[in-house]
Amino acid sequence: MSALHAALPALVTSVLVWVFAFLGLWTGGLPPGPLPLAVCAFLGGPVSVTAVACWEIHRLRLRHGVRMRG
């Protein structure tokens, strides 16, 4: 039996990827290239990781009955 909540890895990963993305934006700016492409390159990673984490939490709820409030 685990002492941590089953959804914790997905939540921590989502938060950390956004923190690191904004730290990279703050220190280095947007990637080089046209503005629409640079914004897509900046947001692509964090949005895709967040989408997979949401899907994982959704599957935990449906298949294993894991709720966010215990």
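The values are calculated or read from the model by the stated rules, or taken from the named source; none is laboratory data. Everything quoted here is computed from the prediction, not taken from an experiment. Note: ideal-geometry Cβ built from the backbone for every residue, glycine included; neighbour counts use all protein chains shown. Surface accessibility is based on the protein's heavy atoms, side chains included, excluding ligands, DNA and RNA. Shrake-Rupley method; radii C 1.70, N 1.55, O 1.52, S 1.80 Å.
Some points to look at:
- Selection of first residues in the range 49-65 that are more than 15 Å from H5 (Cα to Cα) and of second residues that are aromatic (F, W, Y) and modelled with pLDDT of 95 or more, restricted to Cβ pairs under 8 Å at least 6 apart or on distinct chains, gives the following pairs, ordered by first then second residue: T50/W18.
- If the condition is being open to solvent by 60 Å² or more (accessible area, probe 1.4 Å), within 24 Å of R69 (Cα to Cα), in a helix (DSSP H, G or I) and among the hydrophobic types (A, V, I, L, M, F, W, C), then the range 1-50 contributes L8, L11, V12, V15, L16, W18.
- Index of the failed condition, A7 passing every other in (1) over 19 Å from the mean Cα position of the chain (by Cα); (2) at pLDDT below 95: (1)
- Looking only at the range 51-69, and only at residues there that are of a type in the set (A, V, I, L, M, F, W, C) and outside any helix (DSSP H, G or I), the one that is surrounded by the fewest Cβ atoms within 10 Å (Cβ to Cβ): M68
- Selected residue [free of Cβ contacts under 8 Å to residues at least 60 places away in the same chain, out of contact with any helix residue (DSSP H, G or I) (no Cβ under 9 Å at 6 or more places or on another chain), of a type outside the set (A, V, I, L, M, F, W, C) and farther than 19 Å from R61 by Cβ] from P36, P32: P36
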